[in-house]
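Just so you know, all these numbers are worked out from the coordinates, no wet-lab data involved. Keep in mind it's a predicted model, so treat the numbers as computed, not measured. In this analysis, Cβ positions are derived from the backbone assuming ideal geometry, glycine residues included, and neighbour counts consider all displayed protein chains.
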Amino acid sequence: MLKATGLEKRFGTVPALVGLDLAINAGEFFALLGGSGSGKSTLLRVLAGFEAPDAGTLTLDGQDLLPVPPWARPINMMFQSYALFPHMSVADNVAYGLKRAGVVTEERRSRIAAVLDLVGLQGLEARRPQQLSGGQKQRVALARSLVMRPRLLLLDEPMAALDAGLRERTGLELRALQRKTGAAFIMVTHDQQEALALADRIAVLEAGRVAQIGPPQEVYARPTTRFVARFLGAANVLEGRMRDGVFESVEAGADIGSDLPAATVAVALRAEHIRLTNTNEAPVVTGILEDAAFRGDDWLLIIRLKGGASLRVVHPAPPPTAGSAIGLAWGAASVMPLFA
Ligand code: ADP
Ligand code: MG
């Protein structure tokens, strides 16, 4: 549906978007992940039309969107701060866009009632924003966007202002709402759990370009770069080089994996996939337990390997004493080859 190719955007000497390619399907819940300053907000502003790219193309169903002003795009943006009008009631906040678009009073009324019902704000029509909780304000902002019936809704950190306890439930409600309306949602977040849990597909942004894109399970199970492996789930990354299908890692002090692609430049291992060996099992690597932290369900161990690298390991039982020699092993399928 929406297709961006080669998007470039600089602010003075600061590159915000660097040859960014992205395609969004109709009706999908898409999450944009990335560290602070990776270009997430800039990308949303370019898609909405608040910012013109320096180069690149942007089309909707094959039609050039770049000459189309923001208000004429079937795209709506919900801002992180919600940007509600403080002096207006809930109903008037939601009505604002409809009035500007010239929707007649009767249709306006029914659309407002329907959308407030949709987001669960019935009965609060007359309240002012300051008389609402954080979660309710967020719903007003959502209602104000959805009442315009956009084909694409852009949400910049929609849960950032909510308490931790409210975020999980609100996220699930957001997805249910997305399914109901059939609009495509692009949600920006720096919270990887949120993105993995809610999205049909995710893109990880790194320095203004897409580092990897795909369904959450796929990107999590098969990160292709060091950055994505570390960013999603804080995987261990081991450096080394390929020889005859085996990854020789000096910093691990061992050869790792077999039948890995020749282009492998590093390997990633999830802390959850590494186990401590018992006495009658040959370890893949050996090291010394440096530190251990109780996490509730399990322990997180920091193990310094013979070659000098340190590995994070999730262990289900109380750990050996610090300084103990440890053997580690994992299944061959747990070794994730990285290509950049
Ligand atoms: P994110 O939303 O991922 O944190 P942004 O898209 O806001 O990142 O910013 C990307 C880069 O562009 C950052 O280095 C940021 O400082 C810079 N930038 C964004 N907007 C402006 C602006 N209006 N003027 C100058 N620099 C900007
Ligand atoms: Mg931002």
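Using the Cα centre as the reference, give the magnitude of the dipole from point charges on the C-beta atoms of segment 245-340 (Lys, Arg: +1; Asp, Glu: -1; all else neutral), rounded to the nearest 20 debye. If you can, show how the numbers build up before the last one.
On the way: 6 positive and 10 negative charges, 25 e Å.
Using only the charged Cβ atoms, the result is roughly 120 debye.
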On Cα atoms only, tilt of 105-118 relative to the major axis of the chain in degrees: 30 degrees
Values of log10 I(q)/I(0), in the order q = 0.13, 0.15, 0.27 Å⁻¹, for segment 1-62 under a Debye, Cα-only, solvent-free model: -0.33, -0.43, -1.31
Span from the segment 179-193 Cα centroid across to the segment 96-142 one, whole angstrom: 20 Å
Cα long-axis angle, helix 164-181 against the chain (0 to 90 degrees, to the nearest 10): 60 degrees
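Based solely on its DSSP helices, what 222 nm [θ] is calculated for the chain when runs of n ≥ 4 H residues each add -39,500 (n - 2.57) and the sum is averaged over all residues, nearest 500 deg cm²/dmol? Before the final figure, lay out the partial values.
Numbers: 8 runs with 84 residues, N = 340.
The helix contribution divided over the chain gives -7500 deg cm²/dmol.
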Note, ³J(HN,Hα) from phi for segment 51-66, Karplus 6.51, -1.76, 1.60, rounded to Hz, x at Gly and Pro: 9, 9, x, 6, 7, x, 10, 9, 10, 10, 6, x, 9, 4, 8, 4
C-alpha long axis of helix 134-146 to longest principal axis of the chain, angle in °: 60 degrees
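Just in segment 72-148: which GluC sites (Glu not before Pro) are loop by DSSP and have at most 16 other Cβ atoms within 10 Å? Present the calculation step by step, with values, prior to reporting the outcome.
Numbers: sites: GLU106, GLU107, GLU125; in loops: GLU125.
Of the GluC sites (Glu not before Pro), the ones in loops of segment 72-148 whose Cβ has at most 16 other Cβ atoms within 10 Å are GLU125.
For a quick check of your reading of the filter: which GluC sites (Glu not before Pro) in segment 237-299 sit in a DSSP loop and have no more than 12 other Cβ atoms within 10 Å? Mind dumping the intermediate values first?
Details: sites: GLU239, GLU248, GLU251, GLU272, GLU281, GLU290; in loops: GLU251, GLU281.
Counting only loop positions with at most 12 other Cβ atoms within 10 Å, the GluC sites (Glu not before Pro) in segment 237-299 are GLU281.
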FRET efficiency for ALA333 and ILE288, using Cβ-Cβ distance with R0 set to 25 Å, rounded to 0.05: 0.40
Peptide ranges 192-201, 173-182, 62-71 listed from the most packed, as the mean C-beta count within 10 angstrom indicates: 192-201, 173-182, 62-71
Cα-based reach from LYS40 at 17 Å (exclusive), listing lysines while leaving out same-chain residues under 8 positions away: LYS3, LYS9
Inter-part distance where segment 196-212 and segment 18-59 are each reduced to a Cα centre, Å: 11 Å
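Need one number: the % of Cα-Cα pairs in the chain sitting beyond the 38 Å mark. Before the final figure, lay out each step's value.
Numbers: 17870 of 57630 pairs.
Result: 31 percent of Cα pairs exceed 38 Å.
Take every DSSP beta bridge whose two residues both sit in the chain, then give the antiparallel share in percent to the nearest 5. If you can, show how the numbers build up before the last one.
Values: 52 of 71 bridges.
Bridges in the chain are about 75 percent antiparallel.
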Max mean-square fluctuation residue, GNM over the chain, Cα-Cα springs under 10 Å, options THR225, THR277, THR264: THR277
Lys/Arg +1, Asp/Glu -1 at C-beta; segment 175-313 dipole; positive extreme among LEU232, ILE213, ALA184: ALA184
